[in-house]
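The structure under discussion appears below in the form of structure tokens.
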Amino acid sequence: MLIDAQKELDQVRADRTLFERVPWSVEPMDAWETHENAWRPASRPASPGWDPEDAAEIARLQARELELAEVLVCHPY
């Protein structure tokens, strides 16, 4: 049981293709950048936000990851 849970957790965490496909912001956001004197310049392009289907799938994966982590960490062994 523990080995199966660990294998499934590894699979859930390894599937990063969905995270690479979605924009950087969950909600629509305007583009931004730090001012010219910032000690660490940074910027982000405008984000249209996530599609509801992508947001639901990511929420499902995160919930499953939490369930599996709980099984592994709280197991009596």
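The values are calculated or read from the model by the stated rules, or taken from the named source; none is laboratory data. Nothing here was measured: the structure is a model prediction, and the numbers come from that model. Every residue, glycine among them, receives a Cβ derived from its backbone with ideal geometry; neighbour counts consider all protein chains shown. Remember, those area values only see protein heavy atoms, side chains included, never the ligands or the DNA or RNA. Shrake-Rupley method; radii C 1.70, N 1.55, O 1.52, S 1.80 Å.
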Among Pro41, Ala59, Leu9, the residue whose Cα sits farthest towards the positive end of the charge dipole of the chain, when +1 is placed on the Cβ of each Lys and Arg and -1 on the Cβ of each Asp and Glu, is Pro41
Using Cα pairs under 8 angstrom and six or more residues apart, how large is the relative contact order of the chain, in percent? 37
Quick one: net charge of Pro28's neighbours, Cβ under 15 Å, K/R +1, D/E -1? -3
Run the 1.4 Å probe and let me know the accessible area of Asp51, rounded to the nearest 10 Å². 80
What accessible area, in Å² to the nearest ten, does a 1.4 Å probe give for Trp50? 60
So what's the Cα pair-distance distribution over the chain, bin width 10 Å, in %? 16, 32, 24, 19, 8, 1
Label-zone membership for region 1-27, site Ala69, 7 angstrom Cα→C-beta point, backbone N under 19 Å: 2-20
Rounded to the nearest 10 degrees, what's the angle between the helix 2-14 long axis and the longest principal axis of the chain, both from Cα atoms, 0 to 90? 20
In a Gaussian network model of the chain with springs linking alpha carbons closer than 10 Å, the residue among Arg64, Arg40, Arg13 that fluctuates most is Arg40
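Which whole-number value in Å² is the accessible area per residue of region 1-55, probe 1.4 Å?
Dividing the accessible area of region 1-55 by its residue count gives 85 Å².
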Assigning unit charges at the beta carbon (Lys, Arg +1; Asp, Glu -1) and nothing else, what dipole magnitude in debye, to the nearest 20, does the chain show about its Cα centre? 240
